[in-house]
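The values are calculated or read from the model by the stated rules, or taken from the named source; none is laboratory data. Given the structure is predicted, the values throughout are model-derived calculations rather than measurements. Because the Cβ atoms are built from the backbone with ideal geometry, glycine has one as well, and the counts that use them run over all protein chains shown. These area figures cover heavy atoms from the full protein model, side chains too; ligands, DNA and RNA do not enter into them. Shrake-Rupley method; radii C 1.70, N 1.55, O 1.52, S 1.80 Å.
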Amino acid sequence: MFWRMIARTLVRQKGKMLMIAFTIVLGVSLSTAMMNVMLGVGDKVNRELKVYGANINVRHKEAALMNDLYGLSEGLGVTDKFLFEEDVLKLKSIFWGFNIVDFAPILEGRAALDGVGPVPLIGTWMAKHADLNTGEAVDTGLRALRNWWQIDLKGDWIGEKDDDYVMVGSLLAGRANIKVGDKISLFWHGRTREVTVKGVFNDGGAADEQIFGTLRMVQEMMMLPGKVSNIEVSALTTPDNDLARKAAQDPKSLSPEEYETWYCTAYVSAICHQIQEVVRDGVAKPVRQVAESEGAILNKTTLLMILITILSSIGSALAISNLITASVIERSQELGLLKALGAHNWQISLLVLVEVMLTGLFGGVLGYFLGIGFAQVIGQTVFGSYIEIAQMVIPILAVILFFVTLFGSIPAIRYLMGLKPTEVLHGK
């Protein structure tokens, strides 16, 4: 009898029920899209922010000390301590190796350029392909880290085997009247190296006054085989919290449980700590301007999506409340008759709640799948890739939908409680 009454009510009130279902579909679809994007957007936002360049710099501990104390950068003339090139690929062997998306060793030196004088000469992996012991292949280098460089239309990036080619910064090229295809001579301590300019680039910073060559060429010229000054690393990280900041001060201050949580979370301080475990005499420090910007932007993006979800839930609750109350008022005579025939308030309230919950279930299922589609549209439009579907969104949405529908029904239930059969049956 109870379910037949619900079925008849749903048929008679199909207009109102459809409006309630439509409201729920809109709210659930928006919440589904926002939560899936929020949970799946972290790495995508981080990858978008890689245009800022490396967010971790690894140096020899002595060079790092000189920089901290006197503001001196690493390189020849500052310290004779260097890192080992053979340690660079070990970065991919750490616990968070998959989060290290790009890296490049740097060897800083100076060479005399004919007609100009001493200029910075930088050796690096511009584009490096390597096969790791794990069977994984990696493609990395400075080209990925400096993807904002604008290369002269006639020029190109140097490759892994272009030991006789260099790239010249735009300011230095303009001052020395250097063009793509020119041959230039570099001098250092009686050693001369003739190279061809393969590209002129615009960095917008200090690199515009520098010359870049392959790491092997600069090592040979500076007589530093197998040595590098520092390693630039771009890693996907999790925004810092109190635990990460405490660990950054002193990892030994953490309890065993805290240490395990910190070590197994992709905080920038945890990744730096793990890098130091595999790079001999290395000190890894985050580039704070980049790392903090990434964390701040990711936190603000997450907060924005949470607020949208909350506001959509509140809006749905208000809309459901108005629709349910209007539906109950329209049926006041029918409900008053039920009371007059002996139905209790809780029975009539349960009738209304079941009607709304069934409508909410239908709208919730439809809204969920519609929200998945919205999430993919957002992923393709903003990030150029699909958003992974988070299964944990389903129970969260179920709870939100239950309480939104319940709270939206409260005004109608209160109206029912105060409904007097004698008044409504006489049209008062």
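Using a 1.4 angstrom probe and counting only protein chains, how large is the accessible area of Phe403 in Å², to 10?
90 Å²
Lys81 accessible area, nearest 10 Å², 1.4 Å probe?
90 Å²
Contour minus end-to-end for Asp156 and Phe84, with contour as 0.36 nm per residue of separation and end-to-end as the Cα-Cα distance?
Working it through step by step, the gained length comes to 23.1 nm.
Please report, largest first and rounded to whole Å, the three semi-axes of the ellipsoid equivalent to region 158-263, where each semi-axis is the square root of five times an eigenvalue of the C-alpha gyration tensor.
Whole-Å semi-axes of the equivalent ellipsoid: 42, 18, 12.
Compute the separation of the alpha-carbon centres of region 16-35 and region 390-411 and state it in Å as a whole number.
11 Å
If you take the square roots of the eigenvalues of the alpha-carbon gyration tensor of region 78-231 and sort them as a ≥ b ≥ c, do you get rounded (a/c under 1.5), prolate (a/b over b/c) or oblate?
Cα axes put region 78-231 in the prolate bin.
Would you check the accessible area of Met392, probe 1.4 Å, heavy atoms only, in square angstrom rounded to 10?
110 Å²
How high is the relative contact order of region 153-296, given as a whole-number percent (alpha carbon pairs under 8 Å, six or more residues apart)?
Once divided by the residue count of region 153-296, the mean separation gives 19 percent.
Report relative contact order for region 155-240 in percent, whole number only (criteria: Cα-Cα under 8 Å, sequence separation at least 6).
This gives 35 percent for region 155-240.
For region 177-323, just say rounded, prolate or oblate: build the C-alpha gyration tensor, square-root its eigenvalues into a ≥ b ≥ c, call rounded for a/c under 1.5, and beyond that prolate if a/b exceeds b/c, oblate if not.
Oblate shape, in that a/c is at least 1.5 and b/c is the bigger or equal ratio.
Given the pairs Lys227/Lys285; Lys128/Lys154; Lys92/Lys128, which are separated by over 18 angstrom at their Cα positions?
In this structure, Lys227/Lys285; Lys128/Lys154 exceed 18 Å between Cα atoms.
Calculate, for Phe369 and Phe403, the FRET efficiency according to 1/(1 + (r/R0)^6) with r their C-beta to C-beta distance and R0 25 Å; round to the nearest 0.05.
It comes out at approximately 0.70.
How high is the relative contact order of region 178-226, in percent, with contacts defined as C-alpha pairs under 8 Å that are six or more residues apart?
29 percent
Please say if region 229-284 is rounded, prolate or oblate, where rounded means a/c under 1.5 for a ≥ b ≥ c the square roots of the C-alpha gyration tensor eigenvalues, and otherwise the choice is prolate for a/b larger than b/c and oblate otherwise? Numbers along the way, then the final one.
Details: a/c = 2.21, a/b = 1.53, b/c = 1.44.
Since a/c reaches 1.5 and a/b is larger than b/c, the shape of region 229-284 is classed as prolate.
Would you mind telling me the share, in percent, of accessible area of region 131-208 contributed by carbon and sulfur at probe 1.4 angstrom? All intermediate terms of the calculation are to be shown ahead of the outcome.
Details: 1970 of 4370 Å².
Here carbon and sulfur together make up 45 percent of the probe-accessible area.
In terms of solvent-accessible area of protein heavy atoms at a 1.4 angstrom probe, what is the ranking of His189, His60, His129, highest value first?
Of His189, His60, His129, the descending order of accessible area is His189, His129, His60.
In whole angstrom, how far apart do the alpha carbon centroids of region 139-161 and region 206-277 sit?
So the separation of the two Cα centres works out to 23 Å.
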